[in-house]
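Here is the structure we will look at, set down as structure tokens.
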Amino acid sequence: MSGSIDAFDDGLALIHLTPPLEGFEQFIGAWFVPGPPAFLVDVGPASTAGQLLKALDALGVTRLDYILLSHLHLDHAGAVGRISERFPRARVVCHETGIAHLVDPARLFAGARSVLGRVADGYGPIDPVAPERLIAAQGFEAQGIRALITPGHAPHHVSFATPAGLFAGEACGVWYRFAEGVDYMRPATPPRFFLDTALRSIDALIACAPVRMAMGHLGLVADGLGLLQRHRDQLLFWEKFLARCVQASAGADILERARAGLLREDPRMAAFGRFPPPAQARENYFLGNSISGFLGWISSGRGAPPDETPAAS
């Protein structure tokens, strides 16, 4: 249900947010920590701002000290303008390259729309944030919260180590645990993707030896260290598998061959069939983006990343 809440014993809460897109139920969430300090990690799309505010009201939240943004993709940061208006004392922490895009988000939304099309329309345009509300994540450490710069999924991705746990955003891709205890993992590696950068970020998170880790998509992991190590192995598996696909395939069908092959060969994605058909369609869409990121990395000769506008999801 839109705006539903998974509450944990220490007050940590995962708020589920559903944009007006088929198959996007149980896909996007915002994390609330009562503190002190009280903070949100990510705020979801602009189109679900009302759901988030209603859930915060249900939790009795009257003040936020911080809004921590893992990255500026619309499904994680789109509602930041509206949420920051409701909580005027909250400071917004994001990667330093994202600050200008939050002050004037027109280019950010246009870039996302050019990549995501109808999905960006379903997420909705982002409202601006006053510049005095924004803090660069680089070097940010306050009241037990420490920002960790973890590019990979996006060049401007940030994770947050806190007393409530490690909030990893999409640094560890997409993770689900089905009711039967079966896990599903998918890399979130859209173009332009750089594997060496992503691995360095994962290694930095592994060095934190996290136990409790909160994922942007979607849930709370009791063995964060183990999940990070499995995801690292998965990324290396994808590189080898897709490099073989490139060598063996020719023509425009390489993406579909790679998609079918990974769903067949990657054991971490074996639970794909447990998703209902609309969610399978969503996963197929983002799986294509992730494969395209890897294919770009392989075909580029594994070059260094340039500065980029934070547009794609």
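I'd like the residue in region 13-36 that is surrounded by fewer than 18 Cβ atoms within 10 Å (Cβ to Cβ) and within 21 Å of Asp65 (Cα to Cα) and, out of all such residues, is farthest from the chain's Cα centre (by Cα).
Residue satisfying both the conditions and the ranking: Pro36.
Do you know which of the residues in region 1-46 that are part of a loop (DSSP other than H, G, I, E, B) and aliphatic (A, V, I, L, M) is nearest to Arg63 (Cα to Cα)?
Checking each candidate, the answer is Ala38.
Within region 139-151, can one find any residue that is within 21 Å of Ala204 (Cβ to Cβ), aromatic (Phe, Trp, Tyr) and crowded, with 19+ Cβ neighbours inside 10 Å?
Quick first cut of region 139-151, residues within 21 Å of Ala204 (Cβ to Cβ) only: 139-142, 144-151.
From what is left, the residues that are aromatic (Phe, Trp, Tyr) are 140.
Next, from what is left, pick out any that are crowded, with 19+ Cβ neighbours inside 10 Å: 140.
Among the residues of region 139-151, at least one is within 21 Å of Ala204 (Cβ to Cβ), aromatic (Phe, Trp, Tyr) and crowded, with 19+ Cβ neighbours inside 10 Å, which makes the answer yes.
When you scan region 59-67, do you find a residue that is of a type in the set (S, T, N, Q), free of Cβ contacts under 8 Å to residues at least 24 places away in the same chain and part of a loop (DSSP other than H, G, I, E, B), even just one?
To start, the set of residues in region 59-67 that are of a type in the set (S, T, N, Q) comprises 62.
Cutting the leftovers down to free of Cβ contacts under 8 Å to residues at least 24 places away in the same chain gives us 62.
Among the residues that remain, those that are also part of a loop (DSSP other than H, G, I, E, B) are: 62.
Yes, region 59-67 contains a residue that is of a type in the set (S, T, N, Q), free of Cβ contacts under 8 Å to residues at least 24 places away in the same chain and part of a loop (DSSP other than H, G, I, E, B).
Every read-out reported here was derived from the displayed coordinates using simple, explicitly stated rules and does not represent laboratory data. Since we're looking at a predicted model, the values are computed, not measured. Here Cβ is always computed from backbone atoms with ideal geometry, including for glycine, and neighbour counts include all displayed protein chains.
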